[in-house]
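The values are calculated or read from the model by the stated rules, or taken from the named source; none is laboratory data. It should be emphasised that the depicted structure is a prediction, and the values quoted were computed from it without experimental measurement. Heads up, the Cβs are rebuilt from the backbone with ideal geometry, glycines too, and the neighbour counts pull from every protein chain shown. These area figures cover heavy atoms from the full protein model, side chains too; ligands, DNA and RNA do not enter into them. Shrake-Rupley method; radii C 1.70, N 1.55, O 1.52, S 1.80 Å.
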2 protein chains.
Amino acid sequence: MVHSSDPKALSSGSLAKVTGVSPDTIRHYERIGVLPGASRTESGYRRYPSSAVERVLVVQRALRIGFTLAELAEILKARDAGGAPCRRVYHLAQEKLKGITADIESLKRTERYLKKVLADWEQRTQIAGPGQKSHLLYSLSEAAMKSGAPANQLRRNRRT
Amino acid sequence: MVHSSDPKALSSGSLAKVTGVSPDTIRHYERIGVLPGASRTESGYRRYPSSAVERVLVVQRALRIGFTLAELAEILKARDAGGAPCRRVYHLAQEKLKGITADIESLKRTERYLKKVLADWEQRTQIAGPGQKSHLLYSLSEAAMKSGAPANQLRRNRRT
DNA sequence: ATGAACCCTTGAATGCATTCCAGAGTCAAG
DNA sequence: CTTGACTCTGGAATGCATTCAAGGGTTCAT
């Protein structure tokens, strides 16, 4: 054993920089279990194998798709343990797609509605001069809001 | 003053039921300032005027559009104080619309990408029999992900 | 007057990825 | 040998609407 440390090893900070996330995030990923525990230098510094770069990038991409860190941890741990969680991954991805499609529909409804409301308000504001009480908010009606979900917290906890 | 209490007065629970939210939410709205402090019975029970029903409904509708409770509190307090915050409301609503439209675009990108990925995976899974490592997650590429935001937390803190 | 069904308050938990904090050790260059 | 740049840890904060919890009153019908 001439060199016990991989020459391509990365510190948490370098890994962070290379992958475009913060060092805190890297450590967080390890806590969660989405990154396997890194080996350490004598002084306790993390040393990541170069393969960790791809891993972090994969996680980032999966997050965009809507995967959850918990799900990724489960999947990646299974993979690391020699399993082939492809079925699970595929199934989850399908669910994510469904969710995204539903969100798009929901947002579109809200968008249409909001456009109407704004157009209506424009009229009203012109009629009643500036500084007049025109009760904009109170003119919001239930119409066309059927299932327009809160524009904020869409697609949060989707238990699968 | 024969009857000091409005016959149409509602308890927090009734208001909640009528408007379809939980009593906790009603109290929360009051804390936040989105509902004006209700008058109380001798024993300390809240008595809401019937106008509170519309108020809660307005808040619910505004929330769907993407307004924030804090924004609504500001606006509604101004209104209660005799002001006409229409300009602010209109401006905020415009911002919300922009945000929603942007979110839709972002989600569409992610949707397109995810569809491709799933189609690709389908192929791959058929080739490699079940139980085979096909590295689905690792096949996620950066392509077409340009600004596909995290499918989850879209449109959170949009400072306006 | 006993219990079911309300209501009150303050404060903390939820979800979820990320960031920030404090207190403390490490490393390389000047 | 000091300084600036990193790194370590565990826990708390962020945002935001909603819900829950604990400890206690109130009301009305049995």
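Here is how the numbers come out for the structure above:
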read-out: Nitroxide proxy distance, nm - points 7 Å out along Cα→Cβ at B:Glu54 and B:Ser14; value: 1.9
read-out: Within straight-line cross-link reach of A:Lys17, lysines at Cα separation under 16 Å, skipping those fewer than 8 residues along the same chain; value: A:Lys8
read-out: Phi to ³J(HN,Hα) by Karplus 6.51 cos²θ - 1.76 cosθ + 1.60 over the stretch A:76-85, Hz, x for Gly, Pro; value: 5, 5, 4, 4, 4, 7, x, x, 10, x
read-out: Proximal lysines relative to A:Lys108, as straight alpha-carbon distance under 27 Å, when same-chain residues fewer than 8 apart are discounted; value: A:Lys96, A:Lys98, A:Lys116, A:Lys146, B:Lys96, B:Lys98, B:Lys108, B:Lys115, B:Lys116, B:Lys146
read-out: Sulfur and carbon atoms: percent of accessible area, the stretch B:1-109 [1.4 Å]; value: 53
read-out: Whole-Hz couplings from phi, Karplus 6.51/-1.76/1.60, listed for the stretch A:36-45; x for Gly and Pro; value: x, x, 7, 6, 10, 6, 4, 8, x, 6
read-out: Simple spin-label estimate for A:Asp24 and A:Ala81 in nanometres, 7 Å along Cα-Cβ; value: 3.1
read-out: The stretch A:1-84, relative contact order [Cα under 8 Å, separation at least 6], %; value: 31
read-out: Total accessible area lost when B and A pair, probe 1.4 Å, Å² to nearest 100; value: 5600
read-out: Average beta-carbon neighbours from other chains, 10 Å sphere, peptide B:57-64; value: 6
read-out: Under-5 Å amide H pairs with A:Tyr48, H placed in peptide plane, nonlocal only; value: A:Leu10, A:Ser11
read-out: Inter-site label distance for A:Thr41 and A:Arg88 at 7 Å from Cα along Cβ, in nm; value: 3.5
read-out: For the stretch B:12-80: rounded, prolate or oblate by the Cα gyration tensor [a/c cutoff 1.5]; value: prolate
read-out: Whole-Å distance, taken between Cα centres, linking the stretch B:75-105 and the stretch A:42-60; value: 44
